[in-house]
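Each remark here refers to the structure printed beneath this line.
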Amino acid sequence: MAKWTPKHEAPEPLEGPVVATITGGTIVWFVLFLVQLPFYGWFADHGHLWWLWTCLAGGGLGLIGIWYVRRRDAAIKRAAEVEATPAR
């Protein structure tokens, strides 16, 4: 069996407003959690309590994601500044 080799190079990754995207998604998860919170009893009665905790977990993981992408964005900017600075 022959090994598969790509016919073209992989495209560059898309760079966009990553911090804003992750922040927006995190806000959506927390809003979903808050919207479902008044229906806690119904979720518990019908065995769907995991819906509530999934939204809370999504919000919590989103906070970690915000921290991560902000640090990544700052590191990319620092690397670009170092690259743009002429060597002595």
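Please treat every number below as a calculation from the coordinates, not as lab data. Since we're looking at a predicted model, the values are computed, not measured. Reconstructed Cβ throughout: ideal geometry from the backbone, glycine too, with neighbour counts over all protein chains shown.
The table that follows gives values for the structure above.
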| item | result |
| --- | --- |
| Per principal axis, descending, Cα span of the chain in whole Å | 67, 50, 15 |
| Within a Gaussian network of the chain (alpha carbon springs, distance under 10 Å), most fluctuating of V69, V19, V35 | V35 |
| About the Cα centre, charge dipole magnitude for the chain (Lys/Arg +1, Asp/Glu -1 at Cβ), debye | 300 |
| C-alpha long axis of helix 18-36 to longest principal axis of the chain, angle in ° | 0 |
| Helix 49-84 vs. the chain, principal-axis angle (Cα, 0 to 90°, nearest 10) | 20 |
| Of V35, V19, L56, farthest towards positive along the dipole that unit charges on Lys, Arg, Asp, Glu beta carbons give region 2-88 | V19 |
| Chain lengthening between K77 and Y40 when straightened (0.36 nm per residue, less Cα-Cα) | 8.9 nm |
